[in-house]
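Working notes, beginning with the structure itself.
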Amino acid sequence: MGMTMTQKILAAHAGLESVVAGQLIKAKLDMVLGNDITSPVAINEFEKIGFKNVFDKEKISLVMDHFVPNKDIKAAQQTKQCRCFANAHDIKHYYDVGDMGIEHALLPEKGLVGPGDVVIGADSHTCTYGALGAFSTGVGSTDMAAGMATGEAWFKVPSAIKFNLEGRLQEGCSGKDVILHLIGKIGVDGALYKSMEFTGEGMHSLTMDDRLCMANMAIEAGAKNGIFEVDEITLDYYKERMTHPYTVFTADEDAEYDEVITIDLSEIVPTVACPHLPENTKNASELSEVKIDQCVIGSCTNGRISDMEIAAKILDGKHVAKGVRCIIIPATQEIYMECMKRGYTEIFIKAGCVVSTPTCGPCLGGYMGILAEDEVAIATTNRNFVGRMGHVTSKIYLASPATAAASAVKGYICDPKTV
């Protein structure tokens, strides 16, 4: 029986010739990730169990990003605990103020994850690295603790849905529109504990940033992981940053899929997920009656340099609408500096935006943009659950950087072509 991309990666890391959906395996890990919220819990478990050493100081990443720079005493204590643990175990990939970024933008940028890797992270959006042809998935902090100590983790091998991408995106659309369209099509549990595997001629027209965005939101469809077939675009991206050897795994021709879904990218239009689920999607052009109080452009989903470029082109020479707060958050220090070099930061400030240092911040209702009662936000983030960004009566609309920036200018949700 043939195997999918994910199944081949898991089989190789489990030392098995083959695996089948539903099989329980123990696989070796190439990277274990934690952040300033989840790592302290994992560290407590690590010490409680009595582990004395980490399995490999080069294969653990601790990224301070959710509440960094620290927003309060509790956040400061959590970060301090991570810092002390990293120092005690000589962990090479510890990132804090001044050398940090949002974890799922930072690790690919640093070349710490690559094709064929198995990666776990105590954050649900660890599935981002599937854009590089890796198997990556979110786990609990206890699994992170065991992973740091043993370099292994248990998995149930997932079945898969194959997404065959055709055509090319029209101008004004990006990977965010594609993944919102897909989630709207299959629902938030449409890929529950399955692998979302992306392939097809249309895939080759998507940039790495498009793919990183789409893989990032696989979890919003309930998926165990999202993964893209490796092509020249993948390899060009990784080889520029490569820190370790890679292996390309391709699905067998007779691989079994629960379903095959074909998507014509040319038919995708600017798409918005309305409150309070990512599956509640509508065309941006249908939402002109929705006035906004806040716009957030950033996050692990859409804080990369191409996202900043898209927003800057729309905001250049314009000003955000009266009464709208627009917050721009480059996802890493490198992206932050590139925004300054290209003049994007000046464009943002002149347009009436605030530009933040890299942080998850408002995405999870942490800080840097909390919503008040009944306020409405459009955001390039990944979740719009009740109370996600603040007050339980606030509302979040998820959109691409183009749609978010255009809406900030108009003061209401709109198709970016109208600006």
Accessible carbon and sulfur surface of the chain relative to its total accessible area, %, 1.4 Å:
49 percent
As straight-line cross-link partners of residue 282, the qualifying aspartates and glutamates (C-alpha separation under 19 Å, not fewer than 8 residues apart within one chain) are 171, 177, 189, 220, 264, 267, 415
Name the trypsin sites (Lys or Arg not before Pro) in region 20-128 that are in a loop by DSSP and that have at most 11 other C-beta atoms within 10 Å, would you?
52
Given points 7 Å out from each Cα along the Cα-Cβ axis, report the residue 154 to residue 261 separation in nanometres with one decimal.
3.0 nm
Starting from the 7 Å offset along Cα-to-Cβ, what nm value, one decimal, do you get for the label separation of residue 99 and residue 248?
3.4 nm
For region 1-60, state the average projected area of the convex hull of the C-alpha atoms over all orientations, rounded to one decimal in nm².
5.7 nm²
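Are there trypsin sites (Lys or Arg not before Pro) in region 275-333 that DSSP marks as loop and that have at most 13 other Cβ atoms within 10 Å, and which are they? Please report the intermediate quantities before stating the final value.
Working: sites: 282, 291, 304, 313, 318, 322, 325; in loops: 304, 318, 322.
Hits after loop and neighbour filter: 322.
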Could you name the aspartates and glutamates whose alpha carbon sits less than 17 Å from that of residue 74, not counting residues in the same chain fewer than 8 places away?
36, 65, 96
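I need the shape label for region 314-419. Rule: rounded when a/c is under 1.5, else prolate if a/b > b/c, else oblate, with a, b, c from the alpha carbon gyration tensor.
Working: a/c = 1.93, a/b = 1.26, b/c = 1.53.
Because a/c hits 1.5 or more and a/b fails to exceed b/c, region 314-419 counts as oblate.
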Percent RCO, i.e. relative contact order, over region 1-116, from Cα pairs under 8 Å lying at least 6 residues apart:
24 percent
How are the C-alpha pair distances of the chain spread across 20 Å bins, as whole percents from the shortest bin up?
29, 59, 12, 0
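Pulled fully out, how much extra length does the chain show between residue 232 and residue 393, if you take 0.36 nm times their separation in residues and subtract their Cα-Cα distance? Kindly include the intermediate steps, with their values, before the conclusion.
Details: separation 161, 0.36 × 161 = 57.96 nm, distance 4.59 nm.
Gain on stretching residue 232 to residue 393: 53.4 nm.
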In region 198-230, the GluC sites (Glu not before Pro) that sit in a DSSP loop and have at most 15 other Cβ atoms within 10 Å of their own Cβ are none
From Cα pairs below 8 angstrom and at least 6 apart in sequence, can you work out the relative contact order of the chain, rounded to a whole percent?
18 percent
Per DSSP helix of 4 or more residues, -39500 (n - 2.57); summed, then divided by the residues of the chain. What does that give at 222 nm, rounded to the nearest 500?
-9000 deg cm²/dmol
With Rg and the Kirkwood Rh both taken from Cα atoms, where does Rg over Rh land for region 245-356?
1.09
Here, residue 17 and residue 288, labelled 7 Å along Cα→Cβ, have an inter-label distance in nm of 6.4 nm
When the Debye formula is applied to the Cα atoms of region 1-127, each taken as the same point scatterer, what base-10 log of I(q)/I(0) results at q = 0.16 Å⁻¹?
-0.83
Residues in region 132-147, backbone N under 20 Å from the label point at residue 88 (7 Å along the Cα-to-beta-carbon vector): list them, ranges by number please.
141-147
Residue-normalised accessible area of the chain, expressed per residue, 1.4 Å probe, Å²
38 Å²
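Past 29 Å, Cα to Cα, is the threshold; run 71/350; 28/194; 194/417; 80/110 against it and keep the listed order.
Numbers: 71/350 27 Å; 28/194 20 Å; 194/417 35 Å; 80/110 23 Å.
Listed pairs above 29 Å: 194/417.
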In Å and from the alpha-carbon atoms only, list the Rg and Dmax of region 132-189.
16.7, 47
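Given Cα pairs under 8 Å that are at least 6 residues apart, what percent is the relative contact order of region 317-402? Could the numbers behind the result be given before it?
Working: 130 pairs, mean separation 19.7, N = 86.
Over region 317-402, the number comes to 23 percent.
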If you wrap a convex hull around the alpha carbons of region 128-256, what volume per residue comes out, as a whole number of Å³?
130 Å³
Per the Debye formula with a single identical scatterer at each Cα and no solvent contribution, what log10 I(q)/I(0) holds for region 233-291 at q = 0.16, 0.20, 0.27 Å⁻¹?
-0.88, -0.91, -1.11
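The values are calculated or read from the model by the stated rules, or taken from the named source; none is laboratory data. Note that the structure is a prediction, hence the values are computed from the model and not measured. All Cβ positions, glycine included, derive from the backbone under ideal geometry; neighbour counts span all protein chains shown. For the accessible areas, the whole protein counts, side chains as well, though only heavy atoms, and no ligand, DNA or RNA atoms are used. Shrake-Rupley method; radii C 1.70, N 1.55, O 1.52, S 1.80 Å.
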